[in-house]
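Q: Take this structure first; my questions come after.
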Amino acid sequence: MGKSRRTIPEELLLLALDPTTGTTAQPQSLDLGLAGAQLVELALAGRIAPDGDRIAVVMPRPTGDPTLDSALELLRRRGSPVRAVHWIGGPRLGLRQTYLSHLERCGMVHAVEGQMCGVLPTTRYQATDTAISREIRSRLDSAIRTGVPPDPRTAALAALAHAVGLGKHLYPGNEGRSSRSRLRDLIRHDPMGGLVAHAVMDVQNGVAAQPRRNNAAGGSRQPAATVPSRRGSMARAAVH
């Protein structure tokens, strides 16, 4: 799997970046969304496939993307299909920072050092090529505006954007209400994206313990949180 195209986790993270503040919207649910986006990307690469509400490895061969291959190897080691909700709800420490660091190395964002309360070091990220973010956004806008079924990647991205609560970030206020509703409706256009998006919402709702019975379940929204980064023994962490 080459790097000729951006992965869905990368695009989800770029969508969540606020160009003004350099922080990410919905940081807690975004972490869940990134774990889910990895599953979708692996499915599109033919490495995994849905098995009911579970995820099964169908081809363990590496993709060439180190972060995706790490997830694929963890899934392979499970030995049997794992429920999507359990996978997404598992610990994914540093996943957001891993992708932010990758985007920085690729030149798509740059880090801006600062301080919180004048004491704690923080890192914010600004997009260096706004055309990339506009292109991603335009795909969602087009799917919402035209009603034409989007391609699987865009459909999955829309499903995850809805699941992590980016609707109000992308389409704010009363004027954005109909766009948020149509964003939610795009969840039905990609089976894997829909499965993962529902699992993300289930984790947020705290219903991971039971098999899902209703594919139309909604999701909760988690407030943003500021996370200071620390130098030294701890890796630099992105705020929000």
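The values are calculated or read from the model by the stated rules, or taken from the named source; none is laboratory data. What you see is a predicted model; the values in this text were computed from it and never measured. Don't worry about glycine lacking a Cβ; one is built from the backbone with ideal geometry, like all the others, and counts go over all protein chains shown. Side chains are part of the model used for accessible areas, which takes the heavy atoms of the whole protein and leaves out ligands, DNA and RNA. Shrake-Rupley method; radii C 1.70, N 1.55, O 1.52, S 1.80 Å.
Q: Compute the accessible area per residue over region 25-81, keeping the other protein chains in place, probe 1.4 Å, unit Å².
A: That works out to 42 Å² per residue.
Q: Next question, about the same structure. Can you give me the relative contact order of region 1-81 as a percent, contacts being Cα pairs under 8 Å and 6 or more apart?
A: 26
Q: Next question. What nm value, rounded to one decimal, do you get for the distance between residue 148 and residue 188 when each label is placed 7 Å out toward the C-beta?
A: 2.0
Q: Further, regarding this structure: Might you work out the accessible area of residue 203 for me, using a 1.4 Å probe with all protein chains in place, and round it to the nearest 10 Å²?
A: 40
Q: 7 Å from Cα along Cα→Cβ at both residue 205 and residue 113: what's the point-to-point distance in nm?
A: 4.5
Q: Each residue of region 124-138 in turn: what ³J(HN,Hα) in whole Hz from Karplus with 6.51, -1.76, 1.60 and θ = phi - 60°, glycine and Pro shown as x?
A: 10, 10, 10, 5, 8, 10, 5, 5, 5, 5, 5, 5, 4, 5, 5
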